[in-house]
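The values are calculated or read from the model by the stated rules, or taken from the named source; none is laboratory data. Keep in mind it's a predicted model, so treat the numbers as computed, not measured. So basically every Cβ, Gly included, is an ideal-geometry build from the backbone, and we count neighbours across all protein chains shown.
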Amino acid sequence: MNEFLLNEARKEVIRIDKNTQRRLLTAQGLAQLAGQLGLSGFSDDDVLFLWEIGLLRADLVEGSAKSNEMGIEFVCNDVDDFFFVDTRCLAVRENGYGGDGESRQKYDGITPLFHPFRIYVLHHVARVFSLSVSQTQFLKYEEGTRRIFELEIGHIKRWTSKPEFRSRFSDWNCFAELAIVTERLCYPIVFSDVTTPLLFEVERKLIYAKVDNVLREVGVDEVEKIRQELAWTAGRFDDNRSIHVLLRLMNARERSKLKGSLGAAMHILSMAECIRRVGELVFERELSEEDEIGPGQWMDGARRLLYGTERVFDAPKDQLRDYLQIFGLDFGVKVRCYVEGESEYGALAHAVDDFPHVQLVNLRGRVAEKKSLAFLSNLKADHAAGVFSVIMIDGDNDDYIRMVKKAAKEKVFFGRFFISSPDIECENFSDSELLDIAQKYAEKLNVDKDFLESVSKKLNEMTVDIKNNNDLWKVLSQVGLTDVRKGEAWGRALMEYAISHPYKNLNGQVENQQRMIIEAATLLVRMRDIGFLRASALEEMDPETGEVGRRS
């Protein structure tokens, strides 16, 4: 691997991405992580010592002034804080590295920080420097135990004096660094972390350009060999591959809490996945997923028979239902949302269509007609199946509202209901916002630009008082904007605007109150992580407001 190109990519990440810096660990933090993942025996001094002798490289070195240390390269500074990248090469020593603690190099005025992926290097330290005999060897033959230790120490001393020793530790550090520089480009996908801000497009392009150079120089075949070695390492920690697939499909927040050898295996597989996902962009081809590499071999078509799809980690959850049922698991519908019309349906579909736990049902104004009995039956069926029911209706029909509130009071369903007063448009948007949305929607319909300019001028000269959506359509009709009409596409336009401006706007002043459709969409998404039985036992729905609170 071209370490110069790799180091250039590492420098770019340090220069650009402060969020990666926040995830870095001190020597003590890395030692604690190692202990949590089953690599016991490393203290913070051990980690610092491994860094000082060069077996373990740091991902960021902080100091209060520029360093003159060889291989500690200055990258950037923030006022009085100076940031460096560790590019040191491990020296070849004729007498090996035994007893190196007596001559460890001290670095004054700088502090190393380590990415959690450096656990991979610590694993190899623990593996190659372990001295092992059977648990009963000493009891059976004390002198034999002593001889075994002497032979192993001699072997390790000879190996650490050879160029191959330097080469292997260089490789292991580089593999970790390749995973680290690719991680930030695919972090939201691999770890499902919505708290870490996304890179700006310019920042992403700068980092991607450097990583692209590294991967192209390495080549797709060598990338697959690196990932294969990572997968074998994960298998040494824990070889329950089917469990690894299940854990990868689970909530990333819970996955991060895994401890012991299983947690270590998932940690290493995440490294392989980061490299794969960016490699697929660079090489413009699909690479083997993590369960396909490492120990074992797949027959043609076996993955589709087992999982229901050839690509597991990117597949829609409902495609994996057969596989999950093998383990007694299922990705079923958790919340069914009933809306009254096309606009509401289009708005919520735009926000939650990618979430398989949500099913949208368009009632098309049939809430209180003859089919209301069927609607009530659906609500009862939801309750019996442990499915949340969320209802969104307009507030201009007292019969509709009365029926829904009666069903809530009689506990026919559990979930939430929203009443738009008088409709989705005027409940969520001001007059000026609705007109702005309508004009932007018309632009997408390829309405003539000159005509839109004349429409905008007319609207600016008018005094508009929109009390319901009928008023809105009349105003648009008066200025000739007849292409804009109710429907799913209009609902999507409303939600697009709401997502960009989630809080209500009154007379040009942003209020500290979420729009109702944003509140509803957020609730639908959040219900993925809420248990129906627990929620219904601890909470109750107010039959007048539809809001849910803790049981008194």
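Identify all residues within the range 397-421 that are of a type in the set (S, T, N, Q) and under 17 Å from CYS337 (Cα atoms); write none if there are none.
Correct list: SER420 only.
Name, by its number, the condition in (1) of a type in the set (Gly, Ala, Ser); (2) surrounded by fewer than 19 Cβ atoms within 10 Å (Cβ to Cβ); (3) without any contact (Cβ under 8 Å) to a residue 60 or more places away in the chain that does not hold for ALA265.
ALA265 satisfies all of (1) of a type in the set (Gly, Ala, Ser); (2) surrounded by fewer than 19 Cβ atoms within 10 Å (Cβ to Cβ); (3) without any contact (Cβ under 8 Å) to a residue 60 or more places away in the chain except (2).
Is there a residue in the range 35-43 that is of a type in the set (A, V, I, L, M, F, W, C), modelled with pLDDT of 90 or more and out of contact with any strand residue (DSSP E or B) (no Cβ under 7 Å at 6 or more places or on another chain)?
Checking the range 35-43: at least one residue is of a type in the set (A, V, I, L, M, F, W, C), modelled with pLDDT of 90 or more and out of contact with any strand residue (DSSP E or B) (no Cβ under 7 Å at 6 or more places or on another chain).
Within the range 532-550, can one find any residue that is of a type in the set (S, T, N, Q) and touching a residue at least 40 places away in the same chain (Cβ under 8 Å)? Don't jump to the end; show me each part of the working.
In the first step, residues of the range 532-550 are kept if they are of a type in the set (S, T, N, Q); the result is 536, 545.
Filter again for touching a residue at least 40 places away in the same chain (Cβ under 8 Å), leaving 536.
The answer is yes; a qualifying residue exists.
When you check VAL475 against the structure, is it in a strand (DSSP E or B), out of contact with any helix residue (DSSP H, G or I) (no Cβ under 6 Å at 6 or more places or on another chain) and under 27 Å from ALA349 (Cβ atoms), yes or no? Working first, answer last.
Details: in a strand (DSSP E or B): no; out of contact with any helix residue (DSSP H, G or I) (no Cβ under 6 Å at 6 or more places or on another chain): yes; under 27 Å from ALA349 (Cβ atoms): yes.
No; evaluated as a whole, the condition is false for this residue.
Any chance the range 148-159 includes a residue that's touching a Lys or Arg at 6+ places or on another chain (Cβ under 7 Å) and not polar (S, T, N, Q)?
There is no residue in the range 148-159 that is touching a Lys or Arg at 6+ places or on another chain (Cβ under 7 Å) and not polar (S, T, N, Q).
Check the range 388-396 and report whether any residue there is surrounded by fewer than 23 Cβ atoms within 10 Å (Cβ to Cβ), at pLDDT below 90, of a type outside the set (Asp, Glu) and not in a loop (DSSP other than H, G, I, E, B).
Checked the range 388-396: no residue is surrounded by fewer than 23 Cβ atoms within 10 Å (Cβ to Cβ), at pLDDT below 90, of a type outside the set (Asp, Glu) and not in a loop (DSSP other than H, G, I, E, B).
What's the number of the condition TRP51 fails, among (1) under 26 Å from PRO188 (Cα atoms); (2) surrounded by 20 or more Cβ atoms within 10 Å (Cβ to Cβ); (3) not aliphatic (A, V, I, L, M)?
Single failed check for TRP51: (1).
So the check is Cβ under 9 Å with 6+ separation or different chains; which pairs have a first residue in the range 436-457 that's closer than 13 Å to ALA489 by Cα and a second one that's among the hydroxyl-bearing types (Ser, Thr, Tyr)?
ILE437/TYR497; LYS440/TYR497
Taking ARG303, is it assigned by TED's automatic domain parsing to the domain that holds ASP314 and either surrounded by fewer than 19 Cβ atoms within 10 Å (Cβ to Cβ) or outside any loop (DSSP other than H, G, I, E, B) (or both)?
yes
Within the range 8-34, can you find the residues that are over 25 Å from LYS257 (Cα atoms) and touching a strand residue (DSSP E or B) at 6+ places or on another chain (Cβ under 7 Å)?
Correct list: ARG10, LYS11, ILE14, ARG15.
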